[in-house]
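Before I ask anything, let me first share the structure, which is written out below as structure tokens.
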Amino acid sequence: MRHVDHRLLAAARDCGHRSPATAAAARALSLSGEHGALWLVAGLAGAAADRERRRAWLRATALTGAAHAVSMGVKRLVRRPRPDGGAALVRTAGRHSFPSSHATSATAAALLFGALSPGARRLAAPVAAAMCVSRLVVGVHYPTDVVAGALLGAATATTGARWAMRDVPARPLLRGRAPGVWSRG
């Protein structure tokens, strides 16, 4: 597995070093995702714009922040060093790599915000995926760090979904589907 981790990282890192546009996009995503900032701002914007679901947006934003905090705690326990062997395209706030806190907060936000709004669902999912990939392109995480972060973000979102969405009436995502925790719209 370690060999695969290193090869995938090298391939993604090469994309960033060969394409200035890819490198610039990856840097921008990495910078905006520091400490979950993009997602916290997006959640607060959702709360400001959607008066009917304001409390749910605020709870979803709090859960996104909590997911980030949990990932930071796991980093302190695991203490996996960041990748070496190539110049990273961005500076990092810390020395530890596992799990990716960017992937954690991005996945939690995409799931939670997507459950609140079809527009957020269409926008947050691809931005979250791009943010996850950006961590490989800039060379600061192994693929397993990103996968672990995404799983931690999904687990946090799933665990807190009932609390976050408790005031939101359920509506089906698509015609013919039964409403559920993830079919808020």
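The values are calculated or read from the model by the stated rules, or taken from the named source; none is laboratory data. Please read these numbers as outputs of a predicted model, since none were measured by experiment. Methodologically, a virtual Cβ is constructed for each residue, glycine included, from the backbone with ideal geometry; neighbour enumeration extends over all protein chains shown. Surface areas here come from the heavy atoms of the whole protein model, side chains and all, with no ligands, DNA or RNA. Shrake-Rupley method; radii C 1.70, N 1.55, O 1.52, S 1.80 Å.
Take each of the peptides 76-83, 27-34, average the number of other beta-carbon atoms within 10 Å over its residues, and list them starting from the highest.
The peptides rank, most packed first, as 27-34, 76-83.
Calculate the spin-label point distance for Ala24 paired with Arg2, positioning each point 7 Å from the Cα along the beta-carbon direction, and give it in nanometres.
3.9 nm
By accessible area of protein heavy atoms, probe 1.4 Å, what ranking do Phe98, Phe113 get, highest first?
Phe98, Phe113
Hey, what's the range 71-148 come to in accessible area per residue, 1.4 Å probe, Å²?
Working: 3230 Å² over 78 residues.
For the range 71-148, the per-residue accessible area is 41 Å².
Probe radius 1.4 Å, ligands and nucleic acids ignored: give me the carbon and sulfur share of the accessible area of the range 42-93 as a rounded percent.
56 percent
Return the FRET efficiency for the residue pair Glu34, Ala87: r is the Cβ-Cβ distance, R0 is 22 Å, and the value is rounded to the nearest 0.05.
Calculated transfer efficiency: 0.70.
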